[in-house]
């Protein structure tokens, strides 16, 4: 079961389960419009604009305008790792996004890396996860070694 964080008009996000979304009765109409039925209440929804990269939508619901932002669990994980789309902040540290086993380290201390370069492989839940550099920089410290177990949020690599 997936959970989405939904924010409407810059409000605090609320959790919405995929089962709640799937229980809606929705009929697509022309011009990016929908007729939605929830608990015997009828809604007419039209999307005026969509920013798919940021999962942000401007919607007219029964004639009222709402700014809707939706984040799923993967978006939250990416954000916690500092890999936001369009982010220009400087990242000083890479921390483990989840508990796991370091299978391989592909960089050395003092090595220059570019954004997107593969840094290490973390095995978690029987899956190999590639950890890539979120920015251009120089590896200052590698805080883990190959074949060691790490916990969530444990420091993996530090940049200068």
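The values are calculated or read from the model by the stated rules, or taken from the named source; none is laboratory data. Treat the numbers as computed from the prediction; the structure is a model and nothing was measured. Heads up, the Cβs are rebuilt from the backbone with ideal geometry, glycines too, and the neighbour counts pull from every protein chain shown.
When the range 1-25 is filtered for residues that are in a helix (DSSP H, G or I) and either exposed (fewer than 10 other Cβ atoms within 10 Å of the Cβ) or on the phi > 0 side of the Ramachandran plot (or both), only 22 remains. Whether a residue is farther than 21 Å from residue 5 by Cβ, touching a strand residue (DSSP E or B) at 6+ places or on another chain (Cβ under 9 Å), at pLDDT below 90 and surrounded by 11 or more Cβ atoms within 10 Å (Cβ to Cβ) was assessed, and residue 144 does not pass this test. Across the range 104-142, what is the number of residues that are within 22 Å of residue 79 (Cβ to Cβ) and either touching a helix residue (DSSP H, G or I) at 6+ places or on another chain (Cβ under 6 Å) or outside any strand (DSSP E or B) (or both)? Residues meeting the conditions: 9. Looking across the range 26-40, just one residue is under 27 Å from residue 75 (Cβ atoms) and exposed (fewer than 12 other Cβ atoms within 10 Å of the Cβ), and that is 28.
Whenever a residue of the range 27-46 is closer than 16 Å to residue 66 by Cα, its partners that are assigned to a loop (DSSP other than H, G, I, E, B) and modelled with pLDDT of 90 or more, lying with C-beta atoms within less than 9 angstrom and at least six residues away or across chains, give the pairs 43/62; 44/62; 44/63; 45/62.
Evaluated against (1) modelled with pLDDT under 90; (2) buried (at least 16 other Cβ atoms within 10 Å of the Cβ), residue 115 falls short on exactly one condition, (2).
The residue of the range 82-107 that is modelled with the lowest pLDDT, among those that are within 10 Å of the chain's Cα centre (by Cα) and surrounded by fewer than 17 Cβ atoms within 10 Å (Cβ to Cβ), is 85. Here residue 78 meets each of (1) free of Cβ contacts under 8 Å to residues at least 12 places away in the same chain; (2) outside the structural domain of residue 15 (by TED's automatic domain parsing); (3) exposed (fewer than 14 other Cβ atoms within 10 Å of the Cβ); (4) closer than 29 Å to residue 11 by Cβ with one exception, condition (3).
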